[in-house]
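Enquirer: What follows is a single structure, and I will ask about it in a moment.
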Amino acid sequence: MSTDKEKIEQLIGRIDETLSVLKTVAEDLKTVSASLKSLAVGQITSKPAQAPTPKAAAPVPKVVVTVPSEAPKSARSSLEDTRMMFPPDLDSLLIFEEKDDYIVIKPKQFLGSENFAKIASTVRGIGGEYISAGRDSHFRVYKKKP
């Protein structure tokens, strides 16, 4: 019986390790998803400004990007559009406020270096910046002007 018990305990240990690895992979996938969303927004918002040159048209690899069908023309036009760029675990740590020309993103609590880096990366990916102002520090994402 003790041999069976040891085998069961070993299997349970391996299952716990596997679950831990899967959790890490899921978190990484959320980060990659948020990065891809911010890249997609950058491509969508920058396309109208680029004019193709007839002589120097080089073959461009096709990129398939899934964008929600209800996405507005200006992907950075509202608070909700900006909020969608963040995975739910990061979104729950943030407060979003809409101002005239930009959206302010403030942490609800201490973020830690890993969460701060993820948020900063997402904000930079959608054309925003970090404003260091002591207790009033925040991220700022500028709205696209019509």
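Enquirer: Just give me the residues in the range 1-34 being under 30 Å from M85 (Cα atoms) and without any contact (Cβ under 8 Å) to a residue 24 or more places away in the chain, in sequence order.
Expert: Step one: of the range 1-34, the residues under 30 Å from M85 (Cα atoms) are 18-34.
Of everything in the range 1-34, those that are under 30 Å from M85 (Cα atoms) and without any contact (Cβ under 8 Å) to a residue 24 or more places away in the chain turn out to be T18, L19, S20, V21, L22, K23, T24, V25, A26, D28, L29, V32.
Enquirer: Go through (1) in a helix (DSSP H, G or I); (2) over 15 Å from G125 (Cα atoms); (3) modelled with pLDDT under 70 and name the single condition A51 misses.
Expert: For A51, the exception is condition (1).
Enquirer: Out of the residues in the range 119-144 that are touching a residue at least 12 places away in the same chain (Cβ under 8 Å) and among the aromatic types (F, W, Y), which is surrounded by the fewest Cβ atoms within 10 Å (Cβ to Cβ)?
Expert: If we take residues in the range 119-144 being touching a residue at least 12 places away in the same chain (Cβ under 8 Å) and among the aromatic types (F, W, Y), then Y142 is surrounded by the fewest Cβ atoms within 10 Å (Cβ to Cβ).
Enquirer: Inside the range 85-97, can you point out the residues that are loosely packed, with under 15 Cβ neighbours inside 10 Å and touching a strand residue (DSSP E or B) at 6+ places or on another chain (Cβ under 8 Å)?
Expert: If the condition is that a residue be loosely packed, with under 15 Cβ neighbours inside 10 Å and touching a strand residue (DSSP E or B) at 6+ places or on another chain (Cβ under 8 Å), then I95, E97 are the ones that fit.
Enquirer: Does the range 112-128 hold any residues that are part of a loop (DSSP other than H, G, I, E, B) and modelled with pLDDT of 90 or more, and which are they?
Expert: Across the range 112-128, the qualifying residue is only G128.
Enquirer: Out of the range 93-109, which residues are more than 16 Å from E129 (Cβ to Cβ), part of a strand (DSSP E or B) and within 18 Å of the chain's Cα centre (by Cα)? Give the derivation first.
Expert: Taking the range 93-109 and keeping what is more than 16 Å from E129 (Cβ to Cβ), we get 93, 95, 98, 100, 108-109.
Pick out the ones that are also part of a strand (DSSP E or B) and you get 95, 98.
Once the filter is applied, which keeps residues that are more than 16 Å from E129 (Cβ to Cβ), part of a strand (DSSP E or B) and within 18 Å of the chain's Cα centre (by Cα), the range 93-109 yields only I95.
Enquirer: Looking at the range 78-88, is at least one residue modelled with pLDDT under 60, within 29 Å of K144 (Cα to Cα), within 16 Å of the chain's Cα centre (by Cα) and not in a loop (DSSP other than H, G, I, E, B)? If you could, list the steps in order and put the result at the bottom.
Expert: Looking only at the range 78-88, we keep the residues that are modelled with pLDDT under 60, and these are none.
No.
Enquirer: Then there is this: Taking the criterion of being surrounded by fewer than 10 Cβ atoms within 10 Å (Cβ to Cβ) and modelled with pLDDT of 75 or more, would at least one residue in the range 27-34 satisfy it?
Expert: No, the range 27-34 contains no residue that is surrounded by fewer than 10 Cβ atoms within 10 Å (Cβ to Cβ) and modelled with pLDDT of 75 or more.
The values are calculated or read from the model by the stated rules, or taken from the named source; none is laboratory data. This is a predicted model, so every value here is computed, not measured. Every residue, glycine among them, receives a Cβ derived from its backbone with ideal geometry; neighbour counts consider all protein chains shown.
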